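Please read the structure below before turning to the comments.
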Amino acid sequence: MPMQRTQVLFLVKFFAILVAAYLLIAWNPVNDHVIVPFTEGVARVSGALLQGIGQPVNVTGTVIRSSRFGVNINNGCNGVEAMLILLASIVAFPASLKARAIGLALGAVCVQLLNAIRIVTLYLLGAYQPRLFDMFHTAVWQILVILSAIAFFLIWSARVAPPRLATRG
Amino acid sequence: MPRLDWRLAVRAFAGFLAGLAVWVFLSPLYNRAIAAAAEKTLRLFERPAVTQLRPAEDNYVTVDRRDFDPRSKRPGIALHDLTFNIILLTALFAASKRPFSDRNIGGFLAAAAILALTHVLGLVVEVMSIYVAKLGMWSTVHYSNVERNVWGVANHFYRLVLMYAIAFALWWVFRDPATAEVAKKKKRR
C-alpha cells in the first residue's frame, strides 16, 4: 500500500527537525553551556540513587566513581539522543501546540527516569558483573531507552491523532 | 495508531530478545559481509584503490591501507556499535498485531535489507572520519578542515541518533497497515 502524503510529510519533517536539533546540540556553545551541565545533573541524580541503595560512589562532573568501578556519562548515555527522537517525532506530528508541549514534557521525564535506571544498572553491572557490561551498555539499554521514546510517541500520537492519520497508524 | 497494551509490549520485548540473539550470533558472519561491501564502496572513490578492511576478533574490523608504513599501528572499528539498531527494528516489527503475517514479515525483510545498506554507509563514514582526523600528520596533509568537519559530524550524527531514526523510519514505512485497519474498525463500533 503506497504511503499517504501525510505519512511522507511526517517523515520529511521528522528528519529535518532531527538534523536541526542535532546541529544545535552539537554546536560547541550549546554543548558546553547546556548539554554538559545537563549531563552533570544526570550524573548527580544517578549518583544519589546509587548512594540510596548503599553504593559508596562519588560524583565529579559527569563521572560516577567508587573504588570498585567508574562510569563517565557522555553524549549517548545521557538520554539526549532519545529526547531528540521524541522531539522530532512529536513536533513533526500534526497536533496542537499544547498537546505537543505536554507530550514533550512528559516524554522527557519518562526517558530520563528510564535513563537514570540505565545508569544505575550499568554501574552495578560494571562493579559486580563486568563481563555483561559491554553488551548491556552498547545494545540492551540503548535500544530499550530509544524503544521507550518511540512507545511514548505512539501512545501520545494515538491520543492526539486527527482521524485521517489514525487510519494508517 | 496501534493500541499500546501489555500484549503489544510483550511482543515488542520478545522481538527485542529475538533481535538481540540474532545480532549476537550472526554478527561475525554479518560483519564480514558489511566490511567487504564497505571496502568495495570506499575503493570506488579511491585512486589508487588502497583501503583494506580486515575483519578481526571481537567484532572489530581493522582499517588498513596498502600505502601505509607496514610498521605503523592500524586503527580498529567496533562494528557492533554501528549495527545494533537491527534489534530496534526487530522489536518494532514484532510489536505488530500479526507479527508473522506475510505482510509484516515482507515489510521486515525489506526494511532489514535497506538497514544493511545503511550499515555499509555507516562503516564507510566511520572509516572516512578516521582518515580525515585520527591519523596525525597524514590526516592533516591529505584532508582539509572542511572535510574533517563534514565526515566528523556525519559520523557523530549517525552514531548518536541517526541509526535509531533510520530504524524507526523504516518501520514507519514498511509496517503492516492491517494493524491500523483493525484499530479503525474497533473505533467505528
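Put simply, the Cα atoms of chain B extend 71, 33, 25 Å along their principal axes, the longest span coming first. Since only B:36, A:150, A:124 are under comparison, the one whose Cα sits farthest along the positive direction of the charge dipole of the protein assembly as shown, derived from C-beta charges on Lys, Arg, Asp and Glu, is A:150. The spread of Cα positions in the protein assembly as shown, taken along each principal axis and listed from longest to shortest, comes to 74, 52, 39 Å. Counting every other Cβ atom within 10 Å of each residue's Cβ, A:146, B:34 order from fewest to most as B:34, A:146.
Tell me which GluC sites (Glu not before Pro) from region B:6-87 have a DSSP coil assignment and no more than 14 other beta carbons within 10 Å of their own.
Values: sites: B:39, B:46, B:57; in loops: B:46.
Listed in order of number, the matching sites are B:46.
Using just its DSSP H runs of length 4 or more, each adding -39500 (n - 2.57), chain B gives a mean residue ellipticity at 222 nm of -22000 deg cm²/dmol after division by all residues.
Can you tell me the dipole magnitude for the protein assembly as shown around its Cα centre, using point charges on the Cβ only (Lys, Arg +1; Asp, Glu -1), in Debye to the nearest 20?
Numbers: 38 positive and 18 negative charges, 308 e Å.
Once rounded to the nearest 20, the dipole reads 1480 debye.
Protection proxy ranking of A:58-69, B:157-168, A:35-46, by the mean of other Cβ atoms within 10 Å over each peptide's residues and highest first, is B:157-168, A:35-46, A:58-69. Using the Cα gyration tensor of region B:30-141, with a ≥ b ≥ c the square roots of its eigenvalues, what is the shape: rounded (a/c below 1.5), prolate (a/b larger than b/c) or oblate (neither)? The shape class here is prolate. Output the 0 to 90 degree angle, nearest 10, between the alpha-carbon long axis of helix A:97-128 and the longest principal axis computed from the alpha carbons of chain A. Relative to chain A, helix A:97-128 is tipped by roughly 30 degrees. Taking the number of Cβ atoms within 10 Å of each Cβ as an exposure proxy, the fewest-first ranking of B:96, A:96 is A:96, B:96.
Summarise the partner chain shielding of A:146-153 as one whole number: the mean count of Cβ atoms from other chains within 10 Å of each residue's Cβ. List each step's numbers first, then the result.
Working: counts 10, 13, 0, 2, 10, 7, 1, 2.
Average neighbour count from other chains, rounded to a whole number: 6.
Net charge in the neighbourhood of residue B:72 (other residues with Cβ under 13 Å of its Cβ; Lys, Arg +1, Asp, Glu -1) is +3. Annotation: chain A has a Kirkwood hydrodynamic radius of 17.4 angstrom, from the mean reciprocal C-alpha pair distance. The stretch between residue B:40 and residue B:65 holds 7.7 nm of extra length on full extension. This uses 0.36 nm per residue minus the Cα-Cα distance. Considering the options B:83, B:94, B:17, tell which one lies farthest towards the positive end of the dipole of region B:1-128, charges being +1 on Lys and Arg and -1 on Asp and Glu at the Cβ, about the Cα centre. Highest projection toward the positive end goes to B:94. In chain B, the longest principal axis of the Cα atoms and the axis of helix B:85-94 are about 10 degrees apart. Per-residue mean of foreign Cβ neighbours for A:128-137 is 1 (Cβ atoms of other chains, 10 Å radius). Computed from Cα atoms, the angle from the helix A:36-52 axis to the main principal axis of chain A rounds to 60 degrees. Summing Cβ point charges (Lys, Arg +1; Asp, Glu -1) relative to the Cα centre of region A:1-97 gives a dipole of roughly 140 debye.
Here region A:6-68 and region A:120-142 have alpha carbon centers that stand 18 Å from each other.
Suppose only helical runs count, i.e. DSSP H with n ≥ 4. What mean residue ellipticity at 222 nm does that imply for chain A under -39500 (n - 2.57) per run, divided by all residues and rounded to the nearest 500 deg cm²/dmol? Don't skip to the end; give the middle numbers.
Numbers: 7 runs with 114 residues, N = 169.
So the calculated ellipticity at 222 nm is -22500 deg cm²/dmol.
Taking 35 Å as R0, compute the FRET efficiency from the Cβ-Cβ separation of residue A:31 and residue B:142 and round it to 0.05. Can you show the working numbers first?
Values: r = 28 Å, r/R0 = 0.79.
Computed FRET efficiency for residue A:31 and residue B:142 comes out at 0.80.
For residue A:15 and residue A:117, the FRET efficiency from 1/(1 + (r/R0)^6), where r spans their Cβ atoms and R0 equals 35 Å, is about 0.75.
Coordinate-derived values only; no laboratory data. Only a predicted model underlies this, so the values are computations on that prediction, with no experimental measurement involved. Note that each Cβ is placed from the backbone with ideal geometry, even for glycine, and that neighbours are counted across all protein chains shown.
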